[in-house]
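Rule-based calculations on the coordinates, nothing more; no lab input. Remember, predicted model here, so these are calculated numbers, not experimental data. Please note: Cβ atoms are built from the backbone with ideal geometry, for glycine as well, and neighbour counts cover all protein chains shown.
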Amino acid sequence: MRARLVVLGSGEGTNLQALIDACRDPGYGARVVAVGADRPAAGTLARAGQAGIPAFTVRLADYPSREDWDVALTRACTAYAPDLVVLAGFMKLVGKPFLDRFGGRCLNTHPALLPSFPGAHGVRDALAHGVKVTGCTVFLIDESVDAGPIVAQACVPVADDDDEAVLHERIKVTERALLRDTVGRMVREGWSVHGRKVRIGP
Ligand code: GAR
């Protein structure tokens, strides 16, 4: 049976698209059962629509508190009984209700080599620091910001003339392949977490 993925994203949705495309192969081992966003204009929602995948929006502004929003987001995801939740460019921090439900089976992807350059501006911060190599990180979320156990990383060179947009696009080419391959391996082979170390496979 194929694993059920719920993918959350706020942005353009190219990482989501990489997962949707991979799931067309039954041998990939997963299918995207729902897509969620925190804003109605997210590209992820349009991509879900094009692929015929159910989608939902849970806007922070529609709830009296952050915790109420988090509970609503958790409920919306739970309705699709995911085996794995993937945050693919989801630009909101999730809280305790979400972690209580999906901790240990919620992946996030970040456009830098964590633990360097966490936060909302990983590409900009890496560029400002003058690093010559950066990359992307797929990790399991926990209560920290971008500091959960790392599942996979890949390197991307920084060119002298890069600006944030050019570098981010180069990172995203590598990131899409890393996310696709990592999710596929996890759903097909399983995974375990020992302290900070994540191992895919038996
Ligand atoms: C990706 O590069 C992802 O790592 C980043 O947003 C982009 C989403 O692209 N996420 C963060 O910066 C989270 N801190 P996409 O919408 O085209 O998939």
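Val145 passes all but one of (1) within 12 Å of the ligand (Cβ to nearest atom); (2) outside any helix (DSSP H, G or I); (3) hydrophobic (A, V, I, L, M, F, W, C); (4) crowded, with 18+ Cβ neighbours inside 10 Å; which number fails?
That leaves (4) as the condition not met.
It is to be established whether one or more residues within region 27-38 are more than 16 Å from Val187 (Cβ to Cβ) and within 12 Å of the ligand (Cβ to nearest atom).
Yes, some residue in region 27-38 is more than 16 Å from Val187 (Cβ to Cβ) and within 12 Å of the ligand (Cβ to nearest atom).
Of the conditions (1) out of contact with any strand residue (DSSP E or B) (no Cβ under 7 Å at 6 or more places or on another chain); (2) within 16 Å of the ligand (Cβ to nearest atom); (3) on the phi < 0 side of the Ramachandran plot; (4) assigned to a loop (DSSP other than H, G, I, E, B), Ala46 satisfies every one except a single condition; which number is it?
(4)
Restricting attention to region 47-67, which residues are loosely packed, with under 15 Cβ neighbours inside 10 Å and either without any contact (Cβ under 8 Å) to a residue 12 or more places away in the chain or not charged (D, E, K, R) (or both)? Step through it out loud before you land on a result.
We begin by selecting, within region 47-67, every residue loosely packed, with under 15 Cβ neighbours inside 10 Å; these are 49-50, 52, 54, 59, 61-62, 64-67.
Scanning region 47-67 gives Gly49, Gln50, Gly52, Pro54, Ala61, Asp62, Pro64, Ser65.
Taking Glu175 as the residue in question, decide whether it is surrounded by 17 or more Cβ atoms within 10 Å (Cβ to Cβ), of a type outside the set (Lys, Arg) and over 22 Å from Gly103 (Cβ atoms).
Numbers: surrounded by 17 or more Cβ atoms within 10 Å (Cβ to Cβ): yes; of a type outside the set (Lys, Arg): yes; over 22 Å from Gly103 (Cβ atoms): yes.
Against the criterion (surrounded by 17 or more Cβ atoms within 10 Å (Cβ to Cβ), of a type outside the set (Lys, Arg) and over 22 Å from Gly103 (Cβ atoms)), Glu175 qualifies.
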